[in-house]
Amino acid sequence: MSDAADSSAGRVAFTHPGFVLFEIARFLIVAAVEMQAVAVGWQVYDITKKPLDLGLVGLVQFVPGILLFPISGHASDRFERRKVLSTCYIGFAICFALLLTLAHSGIRSMTAIYTVLVLLGVVRSFNSTASRSILPLLVPEKHFPNAVAWNASIFQAATILGPSCGGILYAAGERGLFSTGINGPSAVYAIAMLTAIGATITTFRIRPEVTARPREPMTFKTVFAGLHFIWTRKLILGAISLDLFAVLLGGATALLPVYAREILHTGPWGLGLMRTAPGVGAAVMAMLLAHRPLRGKSGPILLSTVAAFGVFTIIFGLSTSLTLSLISLVLLGASDMISVIIRATFTQLATPDEMRGRVNAVDMIFIGTSNEFGQFESGVTAQWFGTVPAVILGGVGTLVVIALWTWLFPELRHAGDLHSITSASLEGVDVRATNESSAAS
């Protein structure tokens, strides 16, 4: 009976209908975005043959998030998050439709493509905060760590399926396997648009389990309250800034089209596999952690797994074998997933619900900087030093960041069990925030 109970506990988040519907919608939208990312990356590099332009793909999607984070965070705290999500999913469908129109018309204007990607960046800035902020409302607090692990698993499953489907559809379109006029990118954008519509319909049925939170007026102080909250909690600041600089330097995904074409000598299907590989490793690790939660000192675990991320980045950068490259990307994704779950768990639970939108907006700036701006950084360094040296230097930079953060943030070195972190992170820092958190509980 104990074995059955343990097995059931590993899936307890799925006993809540709102969580199930949210995960279905999120799986669909993430898969659609990943399909689009493969198509855009291959299409842009096919047009310009410049790594720098692949970096610009990330930059134009990152800038809107930087400019809009005070508004997007406040929107998630002021308005019903389910409605914010539904609006964002409609926005994704519109962006995919615009990319479909450009590709189907044969327009090869980088200005037009970048313009749509800016709009996509606007949608993503609002979607990210609402998606992260609604999760604690769908399950009781005691089930939240399990929900985080499964949320990460499903996200990674979408990052596995999405790029693979995108690469296959793109290759099939290029080989003329669809009807006349349907080229590679058109096929991908069409399926992505339909998938986003499906996600929108599913989101309409979500019903949060937690009662409505108080809504604060929109003032300068309340808009930037999330930034102040994170700044006063050095453990949270250290963890998310560690991710920022480590992934900013060590991210190599922007250069995968270059590796696929010029180093590993494969096609769109190979690019799809490489974009899928980190998701495979992350999904396996997330499912493992859903059934076997992390125990012991989470701080040293976080530091060591981010260091592993840097090591596997270096191995990928040196590889000239598709098999070795895929293995290193799988291990890279697995190590990154451990740090993702650690950060997400104590950041969400240490934040009062009425502030989660704004805190997550700031957190998404860190994540967006590491991902989208990291793509730009990778493109620039590849343009300056070459693709392989850029990736290797990025991995080495990640290891340097680990050493610095171990010294700058002793809170990370001494952080213990995740549950002790969530309670300790609020004690003795801000009495008002502590009282608000207790009331919210």
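Here are the numbers:
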item: Residues of segment 299-349 that turn out to be closer than 20 Å to residue 389 by Cβ, of a type in the set (S, T, N, Q) and crowded, with 23+ Cβ neighbours inside 10 Å, as a count; result: 3
item: Residue 122 being in contact with a Gly (Cβ under 9 Å, 6 or more places away or on another chain), buried (at least 19 other Cβ atoms within 10 Å of the Cβ) and not in a helix (DSSP H, G or I); result: no
item: Enumeration of residues in segment 43-58 that are free of Cβ contacts under 8 Å to residues at least 40 places away in the same chain and in a helix (DSSP H, G or I); result: 46
item: Elements of type helices (runs of 4 or more DSSP H) in segment 232-344, at least 2 residues being more than 25 Å from residue 161 (Cβ to Cβ); result: 234-250, 298-318
item: Hits in segment 223-282 (condition: at pLDDT 80 or above and over 26 Å from residue 380 (Cα atoms)); result: 280, 281, 282
item: Residue check for residue 206: more than 30 Å from residue 267 (Cβ to Cβ), modelled with pLDDT of 85 or more, surrounded by fewer than 17 Cβ atoms within 10 Å (Cβ to Cβ) and among the aliphatic types (A, V, I, L, M); result: no
item: Selection status of residue 82, more than 20 Å from the chain's Cα centre (by Cα), surrounded by fewer than 24 Cβ atoms within 10 Å (Cβ to Cβ), closer than 30 Å to residue 359 by Cα and basic (Lys, Arg); result: no
item: Residue in segment 94-111 that is within 26 Å of residue 359 (Cβ to Cβ), at pLDDT 90 or above and surrounded by fewer than 23 Cβ atoms within 10 Å (Cβ to Cβ) present; result: no
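The values are calculated or read from the model by the stated rules, or taken from the named source; none is laboratory data. Quantities reported herein were computed from a predicted structural model and do not represent experimental measurements. As a convention, Cβ positions derive from the backbone with ideal geometry for all residues, glycine included, and neighbour counts pool all protein chains shown.
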